[in-house]
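Working notes, structure below.
The values are calculated or read from the model by the stated rules, or taken from the named source; none is laboratory data. Keep in mind that this is a model prediction, so the values were computed, not measured. Note that each Cβ is placed from the backbone with ideal geometry, even for glycine, and that neighbours are counted across all protein chains shown.
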Amino acid sequence: MSRGAPGPRSRRLGRRAAKVLVGGVDSPVRSFRSVGGAPVFFARGRGAYLEDVDGRRYLDLVSSWGANLLGNAPAAVVAAVRRAAPQGLSFGAPSPLEHELAERIRRAAPELERLRFVSSGTEAVMSAVRVARGFTGRTKVVKFAGGYHGHSDGLLARAGSGVATQSLPDSAGVPRAIVAETLVGRYNDPTGLARLFERHGSSIAAVVIEPVAGNMGVVPPRPDFLRTLGTLARRYGALTIADEVITGFRLRRGTVHESLGLRADLVTLGKVVGGGMPIGVYGGRREVMETVAPLGPVYQAGTLSGHPLAMAAGLAVLDRLTPTLYRGLARTGAELEATLLRLADEERVRPFTVQRVGSMFGLFFAAGPIEDERGAERTDRARYARFFHAALAAGVYLPPPPLETTCVSAAMRSRELAFAERALRPAFRAVRGGPR
Ligand code: PMP
């Protein structure tokens, strides 16, 4: 099935939006800048599918950048939001769903001894960094090239997919003095990290890391990397921040950093725990978190924090996160991975690499393994753009930026896997052979 995308309604809306919204979008990764063309406008989503304003259906492999673990508009989550809405849309005061969700999160991730809700992943990491600075009295923060931790000033250095594909290595408007406090290491490079600590150890407040990197495709940590990171941080008195905005509650019920060898002082969450509503969470060791106002001197606040609809949605999602669900997701992931590799092989597309952790996929038109940003940058962006558009035309929605995580949801079953196989064959055919 071939069709020109986007359809006429999307095109019309795109022109209208561009006259009032900057670039026609509210977040740059939604534009098709990185792959060319104009974005598709969506009217609704149900289960594993999205429907655009022209009535075309797409298998959704973006899952709202990972937030929709259960698929689009799961009935139980929609019902929970419906029940909560008439009780009040915002109190700006304590309400019971906040500590209920907090208790539920802590039961699954006990290292969040104390936590706070905010409204986005950006806020969560920005706040965690502030806490680490407040607690240690130090200023420098280490991040890794290709790691994205939201768009707060200090963390917009070598920040991965969305930024990389917009060719903004650092953002305009971020003062040099602020980025000077950010040290950028190489992912999966314990020796380089040790050197960074040797030079700057006494001024490093925190190391912030995605325990499975999801913003340079998907890059798992080498076994020694997270362990060395933890050891170095402890030795030099720096805190560790595990940014689990994507991985938290997506890869298992809880967080993954400990199972990968890192004990973090602070943890950030978002996406899945808000069930598609705006949310962010930061939390960690009680002693560290109690530096936050009103108990301590680190200020952080939010009119809509702990929003009742986000809390209600989060609770409804957490109710459904059973071991069976994660087993099913891993199985779906493994089958889709096998399909992708087989199609690439049959259509003689090479090099092509899939790096998958559970329901998170990195697709690279490059030889693997990809272990860091430099490796991820080898992916053939032009081929990805052709692949993306052919998949779109055949009814599969992939992330427009080439190095974003492709996420499957629990709504994806054998029927969807069969559809993916049919629809993705022409996409591989469109990029057949070696690089052009
Ligand atoms: N941290 C990570 C690891 C992320 O992937 C993202 C967003 N994709 C963020 C933080 C920022 O979250 P938000 O977009 O909700 O601000």
Handout entry: One residue from 50, 69, 89, 61 being more than 16 Å from residue 392 (Cβ to Cβ), of a type outside the set (S, T, N, Q) and buried (at least 19 other Cβ atoms within 10 Å of the Cβ)
Key = 69
Completion exercise
Here the residues within segment 302-332 that are charged (D, E, K, R) and in contact with a Leu (Cβ under 8 Å, 6 or more places away or on another chain) are 320
Completion exercise
Requiring at least 2 residues that are touching a helix residue (DSSP H, G or I) at 6+ places or on another chain (Cβ under 6 Å) and in contact (Cβ under 8 Å) with a residue 40 or more places away in the chain, the helices (runs of 4 or more DSSP H) wholly within segment 243-353 are 308-319, 323-346
Problem - Failed item in (1) in contact (Cβ under 8 Å) with a residue 24 or more places away in the chain; (2) assigned to a helix (DSSP H, G or I), with residue 141 passing the rest - result: (2)
Fill in the blank from the handout: Filtering segment 257-280 for residues that are within 24 Å of residue 225 (Cα to Cα), more than 11 Å from the ligand (Cβ to nearest atom), buried (at least 24 other Cβ atoms within 10 Å of the Cβ) and not small (Gly, Ala, Ser) leaves a count of 4
Practice task
Identify, from the list 416, 421, 371, 377, the residue that is charged (D, E, K, R) and under 22 Å from residue 28 (Cβ atoms).
Solution key: 377
Practice task
Test residue 33 against the criterion of being under 24 Å from residue 159 (Cα atoms) and among the basic types (Lys, Arg), and give yes or no.
Solution key: yes
Handout entry: Hits in segment 399-432 - residues which are outside any loop (DSSP other than H, G, I, E, B) and within 16 Å of the ligand (Cβ to nearest atom)
Key = 406, 407
Handout entry: Enumeration of residues in segment 105-164 that are charged (D, E, K, R), crowded, with 23+ Cβ neighbours inside 10 Å and more than 13 Å from the ligand (Cβ to nearest atom)
Key = 116
Practice task
Kindly indicate whether any position in segment 330-353 is on the phi > 0 side of the Ramachandran plot, surrounded by fewer than 23 Cβ atoms within 10 Å (Cβ to Cβ), more than 15 Å from the ligand (Cβ to nearest atom) and not aromatic (Phe, Trp, Tyr).
Solution key: yes
Practice task
Could you look through segment 197-220, keep only residues that are within 16 Å of the ligand (Cβ to nearest atom) and farther than 19 Å from residue 406 by Cβ, and pick out the one that is surrounded by the most Cβ atoms within 10 Å (Cβ to Cβ)?
Solution key: 207
Exercise for the section: State whether one or more residues within segment 159-167 are at pLDDT below 90, in contact with a Phe, Trp or Tyr (Cβ under 9 Å, 6 or more places away or on another chain) and not in a helix (DSSP H, G or I). Expected result: yes
Exercise for the section: Could you tell me whether segment 359-377 includes any residue that is polar (S, T, N, Q), crowded, with 19+ Cβ neighbours inside 10 Å and under 26 Å from residue 255 (Cα atoms)? Expected result: yes
Problem - Inter-residue pairs, beta-carbon under 7 Å, first touching a residue at least 60 places away in the same chain (Cβ under 8 Å) and in segment 216-240, second in a helix (DSSP H, G or I) and among the acidic types (Asp, Glu), 6+ apart - result: 216/373
Handout entry: Identity of the residue in segment 114-138, part of a helix (DSSP H, G or I) and touching a Gly at 6+ places or on another chain (Cβ under 6 Å), that ends up nearest to residue 247 (Cα to Cα)
Key = 121
Practice task
Pick out the one residue from 172, 194 that is outside any loop (DSSP other than H, G, I, E, B), surrounded by fewer than 18 Cβ atoms within 10 Å (Cβ to Cβ) and more than 16 Å from the ligand (Cβ to nearest atom).
Solution key: 194
Fill in the blank from the handout: Checked against (1) farther than 30 Å from residue 81 by Cα; (2) acidic (Asp, Glu); (3) under 20 Å from the mean Cα position of the chain (by Cα), residue 335 satisfies every condition except (3)
